[in-house]
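So the structure is just underneath, and the comments pick up after that.
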2 protein chains.
Amino acid sequence: MEFSSRLLERAVNEMSQLPGIGKRTALRLVLHLLRQPKEQTVALSEALKQMRQDVKFCKSCHNISDADLCEICASPNRNESVVCVVEDIRDVMAIENTSSFKGLYHVLGGKISPMDGIGPHDLNIESLVKKIEQGKIKELIFALSSTMEGDTTNFYIYKQIQDYKVYTSTIARGIAVGDELEYADEVTLGRSIVNRIPFENSLKS
Amino acid sequence: MEFSSRLLERAVNEMSQLPGIGKRTALRLVLHLLRQPKEQTVALSEALKQMRQDVKFCKSCHNISDADLCEICASPNRNESVVCVVEDIRDVMAIENTSSFKGLYHVLGGKISPMDGIGPHDLNIESLVKKIEQGKIKELIFALSSTMEGDTTNFYIYKQIQDYKVYTSTIARGIAVGDELEYADEVTLGRSIVNRIPFENSLKS
């Protein structure tokens, strides 16, 4: 692509560094900004820079936060004895949206994935083990995605903490609410039968 | 969406102002920036701000430029007597890529589109008419997209300049190179027969 302006070229090049945004899309976005009032670009630019420079991660759960402790960890209404282990902050947001969990979180920051060069020491696993050592946590819920990497990460953490008295659970896998059985994959359907629950429990939610 | 950080929320909100980028995509992009070195975000932020504040539009053709006159208008190797009318700078880039046009451009900045509230006075039509008044332009090539709005814009400009001695042409519509006839739409196929060209001409390119 040949650009008629260096400034434009630089903006497009920087924009196309973002995942899923190619040169063409970047050009479309940048030209859109040129048609909008200057203030919009300045606001976007400042918001990104300030966010990257000033954002903090919660000292306890590694969630993104403006303070040293995130709102969830700092709240007196949350149950400190149950901790849900998730991959990233989007999972925290998704679970918070359901309003069905009142414990705390622990954000790993990824999954163990040798293919991508991510080992256990690149994740926030050590601090999780330390928290468990302190003995306040009674239950650890694994809520990673159900992939090879997710399962590996679950198992690695499980091995690290098996000497401590902590009950470990994992979120239920099964047929999604509203789905038809005939279209479900075999593994999910099989698991949903093996891990069936008392009928009365299904009436609660 | 509830965010655990105001800074994050502001960045996501600004990002999701861009066309085709919803809140989820914006969050994905912003979290990606958080995982990258700070320098990348600073570079993106500066590039966008500087581009928006310092970029100029060519005084003659309204193309984006770093100087008062764009490189194409300033070049002594271009034919000043042929001007290609295009919608926006992306069309200039697309035509320049073909290396088959050696004249100048005139960027309208859009198409007449009453549905979107864009009238002739929102486009760079007046300056085009003034350039034609000066008498240097011999041929005007309409290269707008072949839509209702494109045709309306072509016709509006045509009416404005019909008192001046200038030959007007429009880019050829027809079957794309490499396409099969049976899949072509009727209008395009019909036009390609009506506007057939001497066989010898097709051997040239």
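Quick look at the values:
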| read-out | value |
| --- | --- |
| Residue in the range A:22-31 that is more than 24 Å from B:ARG10 (Cβ to Cβ) and touching a residue at least 24 places away in the same chain (Cβ under 8 Å) present | yes |
| Sole exception among (1) in contact with a Gly (Cβ under 9 Å, 6 or more places away or on another chain); (2) loosely packed, with under 14 Cβ neighbours inside 10 Å; (3) away from chain A (no Cβ under 14 Å) for B:ASP116, by number | (3) |
| Residues (touching a residue at least 40 places away in the same chain (Cβ under 8 Å), more than 7 Å from every other protein chain (Cβ to nearest Cβ) and not charged (D, E, K, R)) located in the range A:59-87 | A:SER60, A:CYS61, A:HIS62, A:SER81, A:VAL82, A:VAL83, A:CYS84, A:VAL85, A:VAL86 |
| Some residue of the range B:83-94 being open to solvent by 60 Å² or more (accessible area, probe 1.4 Å) and either among the aromatic types (Phe, Trp, Tyr) or assigned by TED's automatic domain parsing to the domain that holds B:VAL129 (or both) | yes |
| Meets criteria (within 30 Å of B:VAL12 (Cα to Cα), open to solvent by 30 Å² or more (accessible area, probe 1.4 Å) and not hydroxyl-bearing (Ser, Thr, Tyr)) for B:GLU71 | no |
| Evaluation of B:GLY103 against (1) out of contact with any Ser or Thr (no Cβ under 6 Å at 6 or more places or on another chain); (2) without any contact (Cβ under 8 Å) to a residue 40 or more places away in the chain; (3) facing chain A (nearest Cβ under 10 Å); (4) buried (at least 16 other Cβ atoms within 10 Å of the Cβ) (one fails), failing number | (3) |
| Single match in B:ALA43, B:ALA26 (criterion: open to solvent by less than 40 Å² (accessible area, probe 1.4 Å) and within 8 Å of chain A (Cβ to nearest Cβ)) | B:ALA43 |
| Among (1) of a type in the set (Ser, Thr, Tyr); (2) touching a residue at least 40 places away in the same chain (Cβ under 8 Å); (3) outside the structural domain of B:GLY103 (by TED's automatic domain parsing), the one test that B:SER145 misses | (3) |
| Test: residue in the range A:108-120 that is in a loop (DSSP other than H, G, I, E, B), polar (S, T, N, Q) and in contact (Cβ under 8 Å) with a residue 24 or more places away in the chain | no |
| Lone qualifier among B:GLU182, B:GLU80, B:GLU149 - being in a strand (DSSP E or B) and open to solvent by 40 Å² or more (accessible area, probe 1.4 Å) | B:GLU80 |
| Sole exception among (1) facing chain B (nearest Cβ under 8 Å); (2) under 26 Å from A:VAL86 (Cβ atoms); (3) open to solvent by less than 60 Å² (accessible area, probe 1.4 Å) for A:ASP54, by number | (3) |
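The values are calculated or read from the model by the stated rules, or taken from the named source; none is laboratory data. What you are looking at is a predicted structure, and each value in this text was computed from that prediction instead of being measured. When we count neighbours, we look across all protein chains shown, and the Cβ atoms used for this are built from the backbone with ideal geometry, even at glycine. Just the protein is used for accessible areas: all its heavy atoms, side chains included, with ligands, DNA and RNA removed. Shrake-Rupley method; radii C 1.70, N 1.55, O 1.52, S 1.80 Å.
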